[in-house]
Amino acid sequence: MKAPVRLIGFVILFVSLSFCAISAQARNVAHYPSIQDVVEMGMTRKKLDGDIKFYFADQPHPAIVGTLRQGFVLHKKANRVSSNTDEEACHVAMLAILRIYQAHARRAGGNAVINIESYYKEKSFRSEDQYECFIGSAKAGVILRGDIVKLAE
């Protein structure tokens, strides 16, 4: 009779520890780092070259000559473990997205990405100076939505 009771105890302990492990991995904390810091980092590291302009939220921009891709959503994650801080991991993910936007705009014949907003779980966060980044236990994730356009020069 002691063996089944002991087995049940081990099963309960195992299930309890499993739930603890699952909740420890479920970290999902919102951060709101500076857009300007990422753009400056990209320019300094020569990852962004300045020929494609980025306009966040409702920032004023020259007249639109043509919209090449509307509502273009990009998602990028960065390894949090190799970064020194959560903010640095967020910046790495954000810079990766800006580089992809830059490449797509260039290929499409555009010169700007406008109306850029954070778009986590299909909910907009619009800001001219901050972007939304979610930190998990191992990764930092950024999701942006924007319009690739050709602006008047």
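Data overview
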read-out: Residue that is modelled with the lowest pLDDT, among those in segment 113-130 that are farther than 20 Å from Gln70 by Cβ and under 13 Å from the mean Cα position of the chain (by Cα); value: Lys121
read-out: Single residue of segment 73-85 satisfying the filter (more than 12 Å from Val142 (Cβ to Cβ) and in contact (Cβ under 8 Å) with a residue 24 or more places away in the chain) that is most open to solvent (accessible area, probe 1.4 Å); value: Val81
read-out: Residue selected from segment 46-70 under the condition out of contact with any helix residue (DSSP H, G or I) (no Cβ under 8 Å at 6 or more places or on another chain) and part of a loop (DSSP other than H, G, I, E, B), by the criterion farthest from Leu98 (Cα to Cα); value: Ala63
read-out: Qualifying residue in segment 93-112 (condition: under 15 Å from the mean Cα position of the chain (by Cα) and in a strand (DSSP E or B)); value: no
read-out: Residue list for segment 51-65, filter: touching a residue at least 40 places away in the same chain (Cβ under 8 Å) and either closer than 18 Å to Glu117 by Cβ or surrounded by 11 or more Cβ atoms within 10 Å (Cβ to Cβ) (or both); value: Ile52, Lys53, Phe54, Tyr55, Phe56, Ala57, Asp58, Gln59, His61, Pro62, Ile64, Val65
read-out: Filter result (hydrophobic (A, V, I, L, M, F, W, C) and in contact with a Phe, Trp or Tyr (Cβ under 7 Å, 6 or more places away or on another chain)) within segment 110-135; value: Ala112, Val113, Ile114, Ile116, Phe134
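Condition check ((1) open to solvent by 70 Å² or more (accessible area, probe 1.4 Å); (2) at pLDDT below 95) across all residues:
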| site | (1), (2) |
| --- | --- |
| Ser18 | no, yes |
| Pro33 | no, no |
| Asp49 | yes, yes |
| Thr67 | yes, no |
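The values are calculated or read from the model by the stated rules, or taken from the named source; none is laboratory data. On a predicted model such as this, the values are computed, not experimentally measured, just so you know. Quick reminder, even Gly has a Cβ in these numbers, built from the backbone with ideal geometry, and neighbours come from all protein chains shown. The accessibility values were calculated without ligands, DNA or RNA, using every heavy atom of the protein model including side chains. Shrake-Rupley method; radii C 1.70, N 1.55, O 1.52, S 1.80 Å.
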